[in-house]
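Q: Structure in structure tokens, see below.
The values are calculated or read from the model by the stated rules, or taken from the named source; none is laboratory data. All values derive from a computational prediction rather than experimental measurement. No Cβ is skipped: glycine too gets one built from the backbone with ideal geometry, and neighbour counts run over all protein chains shown. Heavy atoms of the whole protein, side chains included, go into the accessibility calculation; ligands, DNA and RNA do not. Shrake-Rupley method; radii C 1.70, N 1.55, O 1.52, S 1.80 Å.
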Amino acid sequence: MRLYIIRHGQSQNNALYVRTGSDRDRVDDPRLTEIGLRQAEVTATYLADSNDPVDVKDPSPGYKLTHLYTSLMHRAVSTGMPIAHKLGLPLHGWKDWHENGGIYQQDSTSGEYLVRPGMAKSDFHKEFPELILEDSIDEHGWWNRPYEAEESRPVRARRVLQELFARHGGSDDRVAVVSHGGFFNQFMAAVLGLEQMHPVWFHTYNCAITRFDFARGDHGVVFLNHVSHLPKDMIT
């Protein structure tokens, strides 16, 4: 199995932090900015028309993905949809790839995490009718549970890795997942066995691509934070 993790395009919260250096006034489920939408389109075209930079023996165009998944956060689905359209692949929602914490707001006075439900099944059908949802998604919102504590995140990362092997282990599948910068670090720690080496942080830009290879029991990071497909003024 070959796995590509694609960070979502620039979100409203990403842009807010660049402007202010603060999370104050963040929103619980931000949309992509205009730059973020352009990043997603450029990334989709790149995956369709250019080949993996490491695949020097295969000059034919395209990453030749076989499966495409996305976190259910709006910014991730909005990044995954142009990729799905360009590649002609179905986009499957996989809620466990969500960003650390879940869907929440933080009270500026008390610091309390105020959870939000997230998009409901009908919301997804209205805005992203082609998205394939897990059976558990209903009208109560896909999140609709307490804030995810820090100690729960590595547990989820290990669960995601196990489920990935259950779905695609031992195959020649080329799988891409649109996910998030924070959870990417949890997943990377699970793959490399770095959970006890806190704080280790792997930086990823918006719409950066990272490739993992899983074969014959070996786990390898082939490249990390690949953004050569983005124009310089679009790297955020």
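Q: Say we look at segment 186-199 and pick out the residues that are within 19 Å of the chain's Cα centre (by Cα) and more than 30 Å from E34 (Cβ to Cβ); which of these is surrounded by the fewest Cβ atoms within 10 Å (Cβ to Cβ)?
A: Restricting attention to segment 186-199, the residues satisfying the condition of being within 19 Å of the chain's Cα centre (by Cα) are 186-192.
Now narrow it down to the ones that are more than 30 Å from E34 (Cβ to Cβ): 189-192.
Working: A189: 20, A190: 21, V191: 18, L192: 14.
Only one residue tops the list, namely L192.
Q: Regarding I35, is this residue out of contact with any Cys (no Cβ under 8 Å at 6 or more places or on another chain), under 23 Å from G182 (Cα atoms) and open to solvent by less than 30 Å² (accessible area, probe 1.4 Å)?
A: Working: out of contact with any Cys (no Cβ under 8 Å at 6 or more places or on another chain): yes; under 23 Å from G182 (Cα atoms): yes; open to solvent by less than 30 Å² (accessible area, probe 1.4 Å): no.
Spelling it out, it is not the case that I35 is out of contact with any Cys (no Cβ under 8 Å at 6 or more places or on another chain), under 23 Å from G182 (Cα atoms) and open to solvent by less than 30 Å² (accessible area, probe 1.4 Å).
Q: Further question on the same structure: For the subset of segment 137-174 comprising residues that are in contact with a helix residue (DSSP H, G or I) (Cβ under 8 Å, 6 or more places away or on another chain) and open to solvent by 40 Å² or more (accessible area, probe 1.4 Å), which member is farthest from A189 (Cα to Cα)?
A: Applying the filter and picking the extreme gives E139.
Yes or no, residue by residue, for (1) farther than 23 Å from L89 by Cβ; (2) of a type in the set (A, V, I, L, M):
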position	(1), (2)
L3	no, yes
V27	yes, yes
R38	no, no
L65	no, yes
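Quick grid of which residues meet (1) touching a His at 6+ places or on another chain (Cβ under 6 Å); (2) in contact (Cβ under 8 Å) with a residue 12 or more places away in the chain; (3) among the β-branched types (V, I, T):
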{"residue": "A76", "(1), (2), (3)": "yes, yes, no"}
{"residue": "I83", "(1), (2), (3)": "no, yes, yes"}
{"residue": "W97", "(1), (2), (3)": "no, yes, no"}
{"residue": "W143", "(1), (2), (3)": "no, yes, no"}
{"residue": "E148", "(1), (2), (3)": "no, yes, no"}
{"residue": "S152", "(1), (2), (3)": "no, no, no"}
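Q: If Q105 passes every condition in (1) open to solvent by less than 60 Å² (accessible area, probe 1.4 Å); (2) modelled with pLDDT of 95 or more but one, which one does it miss?
A: The number of the failed condition is (2).
Q: Out of all the residues in segment 200-220, which are open to solvent by less than 30 Å² (accessible area, probe 1.4 Å) and of a type outside the set (S, T, Y)? Write out each step before concluding.
A: Narrowing segment 200-220 to residues open to solvent by less than 30 Å² (accessible area, probe 1.4 Å): 204, 206-212, 214, 220.
Listed by number, the residues that qualify are N206, C207, A208, I209, R211, F212, F214, G220.
Q: So which residues in segment 16-51 are without any contact (Cβ under 8 Å) to a residue 24 or more places away in the chain and small (G, A, S), if there are any at all? Walk me through how you get there before you give the answer.
A: Restricting attention to segment 16-51, the residues satisfying the condition of being without any contact (Cβ under 8 Å) to a residue 24 or more places away in the chain are 16-17, 19-22, 25, 34, 49, 51.
Residues satisfying the conditions are G21, S22.
Q: Report yes if F223 is surrounded by 20 or more Cβ atoms within 10 Å (Cβ to Cβ) and touching a residue at least 60 places away in the same chain (Cβ under 8 Å), otherwise no. So that I can check it myself, show each step before the final result.
A: Numbers: surrounded by 20 or more Cβ atoms within 10 Å (Cβ to Cβ): no; touching a residue at least 60 places away in the same chain (Cβ under 8 Å): yes.
No; evaluated as a whole, the condition is false for this residue.
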